[in-house]
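So the structure is just underneath, and the comments pick up after that.
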């Protein structure tokens, strides 16, 4: 096979010479040139003609200096061989027969390689560890380098391309990358990113032609606009924009609207965060660029963004505002080079704080179409305004902006983070960008892409580790702002808690081991990162008689793992028995903070308890299907509310008598569980498609006497906890406990009445003793069966 | 190797190097033309200067006459200002063009300087 790298080529020789000259050589050449000229002139001044030789020979260092600056540092590419395409800084350092390790060293030492190290964590040591000293293995690297260069559209084989080629030549590179949470495609994206950055710097350093000193001579003065508006064409905006599909289309549409003869207005309609204002900025930038291909009638026009609040503040009196706005718009029209932009245009079309309804005044202007106006509005507002004032909507040329795709969002993030890095003195890793996209997609619902990912990425800067924003920084940002847990369990405490979850829950509730196990398993799967992230953490249906621990398990879970019982979102579905109750279930948080969607939006990391689900109206259950299936429920405003970080537990007493019957006939739970569920379906208590949505259906069995004694222990432990502040504790004898069970247990109501009985017997006894002064701090009150009997009476009702 | 480098240096000097210089001169000239808005000034030489009214003026003959005079005065001022800038800009551009041309010619002569220096040293003129 033909060798791909010829280390003795002319280009290689030139690059090597350039590397040898280096920065130090450049200074030396400059000094030599100056010395020869000055020295020559001095000799000539002394009357010696040989001075001409010195002056003449100053041309040699000057020429080498020019050559170095303009060619040797970045020699022109030649042909399709590796030596013809390698970047000058690499080629200059390579010898005629380099080994893979030497290539890795050089790739890591140049700018592109350092970029890859900073953005992906692929350091020089990593590259050294995966390469050998065998020059025969270089062929694979060169082949990869040529392929990657073509794939990324890079002009040369630069440090980034070469570093990626070195990695791809390592047989175990997929595993190595997986360890860094990367794939091969990500590295290709990395090389592309580096290429984009180079292009951005090049474009940024190119001189801009913006019309010169006489650009605005033919246009009018605009003192009012300068006072009440912001000039988007003042040249301070971003100079290089990202090609987001919908943005490019919208820009073309705007230009076509403003250069045709129709109504000179456009309304950009799209969700918040989709980039409507950015499009206006891009347009301002484009029409100010003399080299841009745009119609003459648009060239050098200026876009002014009107500020609603400063207009309102300047004209507080009745009718004053209309007059002021008319003067401002009149000025824009007279000036002839102004495009007005009403950002968040709803502020000008509806009454409210900081807004004003100018529809009647603006409508004739928009209909006449003489003054160029751009409005931006979100979809919902546009629909509202269209409904209220159809003629206003008809007078506008609508341009819809769709959210950016993942690829576009990643490109926007890569572009925007340069500014964030400069302002906040941080460096973003590629993994942070990916995580910002994925997590914002899941958790940020009030913005569209790319705004939602950018918002998260910006907030992640506050959680950087030594100035580096990693995937972990993004995790922390979302965990702190949304009060959820997204990463895998990484602290010893948490790991310990997860591994012993069953024991911790059993400290609060007795038996029901299968139920405890399934919820514990679900949580462990979630926190180990092995669950399906497009569904809730777990969805469970707890069936069984009342008072057997269904609700208690939910509370225990919220308390033990989610950080307190208040982390439980509880809904009694017996309050949702009519079809119209669906709207209450998904009501807007501003109107009903107790709706399911409002509570989960506020607290996504929680236990959602849907009590007595069998009593809900079928339409309510149908609404809940999507929640159980995809972990998403849309609220009344059509916003997605994520349940993907919640454990959803539905409870039902349906068939409680049948469970008791089975138990009394001596069946074990596992023997009749399946049959019991079939009975629930055949008796039309639940539809099969509803039951199928749950991860697990768990039947709770009634508690037996020894278990009820343990429940008494838990209740007494609770009483002791309450008394701990007074340094008093209660000790109930065993026969008293059995008596309490006899008195408190009701086969229909389960263990629930026992709490009331214990309250009446033990708490009242303690209260009396404390008030009579019989006990003091540090005392232990022994409660005997006789005392309990005396408190409850022999035939005391429960 | 030395001869190869010398050959390559000269090849670049009279090839890409010279072309690069010419391109740089052209870019700078474009910048100056843009700075003085030459194209715009020529196109709008007789347009009103900083116009304060647009479109047709309605009203009595008196009002229309006054508007016409206003516009005429505005156009006159505009033409004067623009002409002055055109002249100043024209001179600046011409000077820059001449200077750039001289520099381009000088670029071609630089490799000959050592020989020229040796000849002058032999001929003997001194300062």
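For region A:291-387, which fully contained strands (runs of 3 or more DSSP E) count at least 3 residues that are within 34 Å of the chain's Cα centre (by Cα) and free of Cβ contacts under 8 Å to residues at least 40 places away in the same chain? Break it down into steps so the answer makes sense when it comes.
Working: elements: A:302-306, A:338-342, A:349-352, A:355-357, A:372-377.
Hits in region A:291-387: A:349-352.
Show the residue pairs that are 6+ apart or on different chains and have beta-carbon atoms under 6 Å apart, the first residue being within region A:110-122 and surrounded by fewer than 21 Cβ atoms within 10 Å (Cβ to Cβ), the second being in a loop (DSSP other than H, G, I, E, B).
Every condition considered, the pairs that remain are A:117/A:123; A:121/A:180.
Go through region B:58-68 and report how many residues are part of a helix (DSSP H, G or I) and either farther than 30 Å from residue B:38 by Cβ or touching a residue at least 40 places away in the same chain (Cβ under 8 Å) (or both). If you could, list the steps in order and put the result at the bottom.
Taking region B:58-68 and keeping what is part of a helix (DSSP H, G or I), we get B:61-68.
Now narrow it down to the ones that are either farther than 30 Å from residue B:38 by Cβ or touching a residue at least 40 places away in the same chain (Cβ under 8 Å) (or both): B:61-67.
Matching residues across region B:58-68 total 7.
Within region A:95-114, is there a residue that is out of contact with any helix residue (DSSP H, G or I) (no Cβ under 7 Å at 6 or more places or on another chain), in a helix (DSSP H, G or I), more than 10 Å from chain B (Cβ to nearest Cβ) and over 30 Å from residue A:175 (Cβ atoms)?
The answer is no, given that none of the residues of region A:95-114 is out of contact with any helix residue (DSSP H, G or I) (no Cβ under 7 Å at 6 or more places or on another chain), in a helix (DSSP H, G or I), more than 10 Å from chain B (Cβ to nearest Cβ) and over 30 Å from residue A:175 (Cβ atoms).
What single numbered condition from (1) out of contact with any helix residue (DSSP H, G or I) (no Cβ under 6 Å at 6 or more places or on another chain); (2) within 30 Å of residue B:33 (Cα to Cα); (3) more than 7 Å from chain A (Cβ to nearest Cβ); (4) surrounded by 12 or more Cβ atoms within 10 Å (Cβ to Cβ) fails to hold for residue B:78?
All conditions are met except number (3).
The conditions are (1) buried (at least 19 other Cβ atoms within 10 Å of the Cβ); (2) free of Cβ contacts under 8 Å to residues at least 40 places away in the same chain, and residue A:473 fails exactly one of them. Which is it?
(2)
Can you find, within region B:101-127, the residue that is surrounded by the most Cβ atoms within 10 Å (Cβ to Cβ) among those that are more than 7 Å from every other protein chain (Cβ to nearest Cβ) and within 10 Å of residue A:52 (Cβ to Cβ)?
B:119
For region B:13-43, which positions are facing chain A (nearest Cβ under 7 Å) and more than 28 Å from residue A:288 (Cβ to Cβ)?
Correct list: B:13, B:16, B:17, B:20.
Considering only residues that are more than 9 Å from chain B (Cβ to nearest Cβ), surrounded by 12 or more Cβ atoms within 10 Å (Cβ to Cβ) and either out of contact with any strand residue (DSSP E or B) (no Cβ under 8 Å at 6 or more places or on another chain) or under 17 Å from residue B:30 (Cβ atoms) (or both), which ones fall in region A:209-233? Write out each step before concluding.
Of all residues in region A:209-233, those more than 9 Å from chain B (Cβ to nearest Cβ) come to A:222-233.
So of that shortlist, the ones also surrounded by 12 or more Cβ atoms within 10 Å (Cβ to Cβ) come out as A:222, A:224-233.
Once the filter is applied, which keeps residues that are more than 9 Å from chain B (Cβ to nearest Cβ), surrounded by 12 or more Cβ atoms within 10 Å (Cβ to Cβ) and either out of contact with any strand residue (DSSP E or B) (no Cβ under 8 Å at 6 or more places or on another chain) or under 17 Å from residue B:30 (Cβ atoms) (or both), region A:209-233 yields A:224, A:226, A:227.
Which residues, taken from region A:655-686, are crowded, with 16+ Cβ neighbours inside 10 Å and closer than 18 Å to residue A:746 by Cα?
Within region A:655-686, A:655, A:656, A:658, A:659, A:660, A:662, A:663 qualify.
Among the residues of region A:388-397, what is the count of those that are closer than 23 Å to residue A:324 by Cα and part of a helix (DSSP H, G or I)?
1
Report whether or not residue A:88 is more than 37 Å from the chain's Cα centre (by Cα) and either at pLDDT below 95 or farther than 21 Å from residue A:176 by Cβ (or both).
Values: more than 37 Å from the chain's Cα centre (by Cα): yes; either at pLDDT below 95 or farther than 21 Å from residue A:176 by Cβ (or both): yes.
Spelling it out, residue A:88 is indeed more than 37 Å from the chain's Cα centre (by Cα) and either at pLDDT below 95 or farther than 21 Å from residue A:176 by Cβ (or both).
The values are calculated or read from the model by the stated rules, or taken from the named source; none is laboratory data. Just so it is clear, the model here is predicted, and its values are computed rather than measured. Note: ideal-geometry Cβ built from the backbone for every residue, glycine included; neighbour counts use all protein chains shown.
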